[in-house]
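Colleague: Here it is, the structure, as C-alpha cells.
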Amino acid sequence: MSLIEDLNWRHATKAYLPEKKVSEENLTKILEATRLAPTSSGLQQFRVIVVEDKELRKKLAIGSLNPECMVEASCVLVFAAWDEYTPERIDAIYDRTTEERNLPKGRFDSYTDKLKEMYAKQPKEEHFIHAAKQSYIGLGMALAQAAELKIDSTPAEGFDNKLVDTVLGLPEKGLKSVCLLYVGYSDKERDWLATMKKVRNPMDVFTIRM
Ligand SMILES: Cc1cc2nc3c(=O)[nH]c(=O)nc-3n(C[C@H](O)[C@H](O)[C@H](O)COP(=O)(O)O)c2cc1C
C-alpha cells in the first residue's frame, strides 16, 4: 500500500480490543520511525515514554477524554518535551554528533554558541512551546508508521498534563507531557468512528496556490 492509502486507512480509534497486543517488533518500528523524526537544530528535544503497566494507566486515565483507550489500548506513548533549553542539553547532542561523525572537537561551537545565546534570552515557557512543536513531528511519524503496519492508533491531547507529569515523574527528567498516542487494535463493535467516512477539506480549499 502507498503512504496515501495507509493514511486513508487510519482513523482516530475510539475503542480498543483490550486483549490484543501489538508485537514488540512492531512497537519498535513505530518508535524507530518516531526517533527518526527531524527536529529543529537537530536537538531531539522530546522523548517518548512507553506506558504498558495497567495500574499506571488507570492513574493516567483520570481526567482523560478517552479513559477506556488509556487502559484498553495495547500501550500508551507519551510524547514529552524538554522543559527548557540549557547549554548542557544543547552540548550533549552536539557532542554526540561530533563524536559519531568523527569530526574535530568544537566543530559546531560557533553554531551552538548562537543557539545558547538565542535561547538564553527567552523564558523557559517559550523553550517548552518550541520543544513541544518538535514532538508533534514525531507524533506524525508514529501515526504513519502504525498505519503502514495496520495498527490502530489515536493521537490525543485530551488528558490531564499535570497529572501525567506527576505520575510518570517527568519533572525529575526535565520533561513535560505534550500529547499521547494510544496504540493497539480497534474494537470495531465499540469504535464508532471505524466505519465513518474520512472528512477533509477539498484540495482546492486546503491548498492556496500563488
Ligand atoms: C494533536 C491531536 C490531538 C487529538 N486529541 C484527541 C483526543 O484527545 N481524543 C480523541 O478522541 N481524539 C483526538 N484527536 C483525534 C482527532 O479528533 C482526529 O484525528 C480528527 O478528527 C481527524 O480524524 P481521523 O484521525 O480519524 O482522520 C486528536 C488529534 C490530534 C492530531
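Each reported figure results from applying straightforward, stated rules to the coordinates on display, with no laboratory input. What you see is a predicted model; the values in this text were computed from it and never measured. Methodologically, a virtual Cβ is constructed for each residue, glycine included, from the backbone with ideal geometry; neighbour enumeration extends over all protein chains shown.
Colleague: With each label point set 7 Å from Cα along the Cα-Cβ vector, what nm distance links Ala12 and Glu117?
Modeller: Here the modelled spin labels are 4.3 nm apart.
Colleague: With springs only between Cα atoms under 10 Å apart, run a GNM on the chain and tell me which of Arg35, Arg101, Arg47 wobbles the most.
Modeller: Result for the chain, Cα springs under 10 Å: Arg101 fluctuates most.
Colleague: I would also like to ask the following. Quick check: residue separation of Glu157 and Arg209 times 0.36 nm, minus the Cα distance between them. What number comes out in nm?
Modeller: On the way: separation 52, 0.36 × 52 = 18.72 nm, distance 3.11 nm.
Between Glu157 and Arg209, full extension yields an extra 15.6 nm.
Colleague: Run the quick spin-label model on Ile137 and Lys173: label points 7 Å from Cα toward the beta carbon, then report their separation in nm to one decimal.
Modeller: 2.1 nm
Colleague: How about Lys54: which aspartates and glutamates have a C-alpha closer than 14 Å to its C-alpha, ignoring those fewer than 8 places off in the same chain?
Modeller: Glu19, Glu68, Glu72
Colleague: Quick check on packing: order 113-122, 182-191 by the mean number of other C-beta atoms within 10 Å, highest mean leading.
Modeller: Numbers: 113-122: 12.7, 182-191: 19.3.
Taking the mean over residues of other Cβ atoms within 10 Å, the ranking is 182-191, 113-122.
Colleague: Helix 87-100 versus the longest principal axis of the chain: what angle, 0 to 90°, nearest 10, using Cα atoms?
Modeller: Approximately 90 degrees, to the nearest ten.
Colleague: How far is helix 24-35 tilted, in degrees, relative to the longest principal axis of the Cα atoms in the chain, given as a value from 0 to 90 rounded to the nearest 10?
Modeller: Roughly 40 degrees, rounded to the nearest 10.
Colleague: Filter the cross-link list Lys124/Lys150; Lys150/Lys198; Lys29/Lys188; Lys14/Lys59 down to pairs whose alpha-carbon distance in this structure exceeds 27 Å.
Modeller: Flagged as over cut-off: Lys124/Lys150.
Colleague: Counting only the backbone N, which residues of segment 1-38 are under 11 Å from the spot 7 Å out from the Cα of Glu68 toward its beta-carbon?
Modeller: The answer is 14-18, whose backbone nitrogens lie closer than 11 Å to the label point.
Colleague: Now for a separate question. Using just the helices of the chain, give the 222 nm mean residue ellipticity in deg cm²/dmol: DSSP H runs with n ≥ 4 each add -39,500 (n - 2.57), and the total is spread over all residues, rounded to 500. The partial results should precede the final answer.
Modeller: Details: 9 runs with 95 residues, N = 210.
Using -39500 (n - 2.57) per qualifying helix, the result is -13500 deg cm²/dmol.
Colleague: Taking the chain as the reference, fit the longest principal axis to its C-alpha atoms, fit the long axis of helix 109-120 to the helix C-alpha atoms, and give the angle between the two in degrees, 0 to 90, nearest 10.
Modeller: The helix 109-120 is inclined about 70 degrees to the chain.
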